[in-house]
Amino acid sequence: MGFNFNIIVEYAPFLLKGTLVTIGLSLSGILIGTLLGLAIGLGKMVKNKWLASPFHLYVTFFRGTPLFVQILLIHFGVVPLFNGETNGFAAAIIALSLNAAAYIAEIFRAGIQSLENGQMEAARSLGMSNAQAMRHVILPQAFTRMIPPLGNEFIVLLKESSLASIVTAPEIMYWARAMNGQYYKVWEPYLSAALIYLLLTMSLSYLLTRLERRLETA
Amino acid sequence: MIKIQGLKKSFGANEVLKDINLEIKPQEVVVVIGPSGSGKSTLLRCINLLETICGGHVYIEGKDITDKKNDINKMRAEVGMVFQQFNLFPHKTVIENIMMAPRKVRKVSEKAAREKGMYLLGKVGLQEKADAYPNSLSGGQKQRVAIARALAMEPKIMLFDEPTSALDPEVVGEVLEVMKQLALEGMTMVVVTHEMGFAREVGDRVIFMDGGYIVEENAPIELFSNPRQDRTQAFLSKVL
């Protein structure tokens with residue numbers, strides 16, 4: 001039982017397509033999750049307890065249950081409810097986004113609350129509204145502090161997108177499992193997949209480090 | 001110009017301001033002194049509604065700032081505040097710090113805001129630092145920028161909350177000099193400070209606070225040379 005490069009070559013076009021799907025899933029998750037996470041993070045900071053409680057509940061649920069379970073619930077439960085039929089790719093994007101949003105909400109909240117109170121007070125004392133102070137004073141500074149933990153979250157999200165294979169979204173792991181099923185081989189499919197993920201996470205982490213440096217010098 | 005009636009403020013069970021009555025006339029420089037925890041800073045922060053007021057009224061030019069019908073942002077824009085910790089915006093250059101509020105709140109044009117900002121920087125002697133970031137400035141320079149930033153809104157009153165307490169001794173003078181200049185130009189000022197020399201030289205009136213009350217107020221010469229209350233005497237004997 002030698003290492004069979006031929007089956008990797010045979011599956012290469014599929015793995016490449018799978019890589020594009022993985023990138024698509026991850027970018028969508030990052031984008032939607034970040035926007036949603038910002039809104040939820042701000043919602044959690046509302047002073048009124050009743051208004052803030054749905055946001056607390058959201059974070060508790062999505063951080064407190066496995067992504068695997070969430071994907072299954074959304075794929076077989078939520079999406080068919082609205083759409084009549086289900087779609088693995090859409091379900092995966094929804095689940096990844098909703099899950100990431102919960103973590104990103106906490107990153108935003110921590111970033112904003114790590115700023116000294118004096119920044120908000122100075123802005124307000126100059127006559128700026130709460131929204132103006134947030135937009136021009138608090139958020140730009142908080143964002144710089146959020147880059148490292150956000151980067152972590154993006155890398156986790158990229159790797160967790162592999163769970164989408166379970167609902168037949170044709171990403172990297174979907175094709176690796178297909179390869180495994182066809183040839184009853186372990187090393188070829190899974191090492192190939194591991195290598196692709198490693199390349200993706202290393203590129204992402206490189207980009208994030210550069211962004212971080214750029215913001216630091218600004 | 002400012003009228004404070006029966007002002008009360010508590011943090012939980014801790015009553016910080018018990019019953020403050022005070023009137024400040026236009027162009028007057030009022031210096032507030034007192035031991036730490038006496039409520040001086042809280043009084044200042046109440047005038048700007050940075051603290052929610054528990055009782056009483058604060059009128060600025062006849063308008064009650066505790067009345068929810070009045071626009072708090074508009075009223076704050078008329079009251080400049082300088083903080084002990086400067087609170088400059090570290091992600092913006094000096095000139096951007098000064099231009100931000102006039103641009104966003106008063107909707108002044110970019111050009112006009114910059115001109116005004118440069119004029120004010122000249123006034124505090126820091127024109128050459130316009131494009132520097134706050135972190136590259138000394139404490140005294142930071143505080144002078146903070147004063148220029150507050151002045152850019154053309155406030156009717158300036159509040160100073162221990163403006164020199166976080167500074168190295170050798171730069172205290174440059175900040176006090178800017179404040180003195182401002183007083184000479186007729187700015188209405190309320191200054192919380194431990195600088196008794198400044199109080200004596202620049203203040204029109206000195207207020208001594210202790211335990212949440214105004215214990216004594218008088219012209220500086222009177223209050224420093226001839227304090228009537230025991231608590232004032234005890235405090236002054238420690239700091240003078």
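The values are calculated or read from the model by the stated rules, or taken from the named source; none is laboratory data. Given the structure is predicted, the values throughout are model-derived calculations rather than measurements. In this analysis, Cβ positions are derived from the backbone assuming ideal geometry, glycine residues included, and neighbour counts consider all displayed protein chains. Protein only, heavy atoms only, side chains kept; ligands, DNA and RNA dropped before computing areas. Shrake-Rupley method; radii C 1.70, N 1.55, O 1.52, S 1.80 Å.
Heavy atoms only, probe 1.4 angstrom, no DNA, RNA or ligands counted: give me A:173, B:209 ranked by accessible area, highest first.
Details: A:173 40, B:209 0 Å².
Per-residue accessible area, sorted high to low, gives A:173, B:209.
Sparse packing (at most 12 other Cβ atoms within 10 Å of the Cβ) combined with a DSSP loop state is found for the following GluC sites (Glu not before Pro) in the stretch A:1-109: A:85. Ranked by solvent-accessible area (1.4 Å probe, protein heavy atoms only, all chains present), the residues A:50, A:187, A:175 order from largest to smallest as A:50, A:187, A:175. Modelled label positions at residue A:114 and residue A:186, each set 7 Å beyond Cα in the direction of Cβ, lie 4.2 nm from each other.
Under 20 Å from the Cα of residue A:17, which aspartates and glutamates turn up, not counting those fewer than eight places away in the same chain? Cα-Cα hits under 20 Å: A:160, A:171, A:188.
Using a probe of 1.4 Å, the accessible surface attributed to residue B:194 totals some 90 Å² when neighbouring protein chains are kept in position. How far apart, in nm, are two points set 7 Å out from the Cα along the Cα-to-Cβ line at residue B:238 and at residue B:181? Rounded to a tenth, the inter-label distance reads 3.5 nm. Entry note, chain B: relative contact order of 27 percent, from Cα contacts under 8 Å with a spacing of 6+ residues. Looking at chain A as a GNM with Cα springs under 10 Å, which of A:103, A:197, A:184 has the largest mean-square fluctuation? Result for chain A, Cα springs under 10 Å: A:184 fluctuates most. Dividing the Cα radius of gyration of the stretch B:56-117 by its Kirkwood radius returns 1.06 for Rg/Rh. Ordering A:152, A:11, B:70 by the projection of their Cα atoms onto the charge dipole of the protein assembly as shown, which places +1 on the Cβ of Lys and Arg and -1 on the Cβ of Asp and Glu, puts A:11 at the extreme positive end. Cα centroid separation, the stretch A:1-59 to the stretch B:195-219: 61 Å.
Alpha-carbon geometry of the stretch B:24-86: the Rg and the Dmax are 12.5, 36 Å, given in that order. Compactness of the stretch B:90-154 was expressed as the Cα radius of gyration divided by 2.2 N^0.38 Å, which yields 0.98.
Residue order by solvent-accessible surface for B:63, B:111 is B:111, B:63, largest first, with ligands and nucleic acids left out and a 1.4 Å probe.
Assuming charge only on the beta carbon of Lys and Arg (+1) and of Asp and Glu (-1), the dipole of the stretch B:33-114 about its Cα centre is about 360 debye to the nearest 20.
The GNM of chain A, with springs linking C-alpha atoms under 10 angstrom apart, assigns the highest mean-square fluctuation among A:16, A:81, A:163 to A:81. Which whole-angstrom value gives the distance between the alpha carbon centres of the stretch A:115-129 and the stretch B:151-174? Answer, in whole Å: 16.
Legend: distances between Cα atoms for B:123/B:156; A:49/B:92; B:25/B:74; B:69/B:104; B:63/B:111; A:47/B:142; pairs beyond 29 Å are A:49/B:92; B:63/B:111; A:47/B:142. Rg and Dmax of chain B, both derived from C-alpha coordinates alone, stand at 17.9, 55 Å.
Counting only residues at least eight positions apart within a chain, or on another chain, the aspartates and glutamates with an alpha carbon under 12 Å from that of residue B:9 are B:19, B:51.
Extension gain for residue A:68 to residue A:35 (0.36 nm times residue separation, less C-alpha to C-alpha distance): 9.6 nm. With both labels modelled 7 Å from their Cα along Cα-to-Cβ, the residue A:17 to residue B:156 distance reads 7.3 nm. Can you pull the percent of Cα pairs in the protein assembly as shown with separation above 41 Å? Beyond 41 Å sits 39 percent of the P(r) for the protein assembly as shown.
Across all Cα atoms of chain A, the radius of gyration (one decimal) and Dmax (whole number) stand at 20.7, 75 Å. Could you compute the FRET efficiency for residue A:45 and residue B:63, with r as their C-beta to C-beta distance and R0 at 30 Å, rounded to 0.05? It comes out at approximately 0.50. Note on residue B:222 and residue A:78: with the Förster distance fixed at 60 Å, the Cβ-Cβ geometry gives a FRET efficiency of about 0.20.
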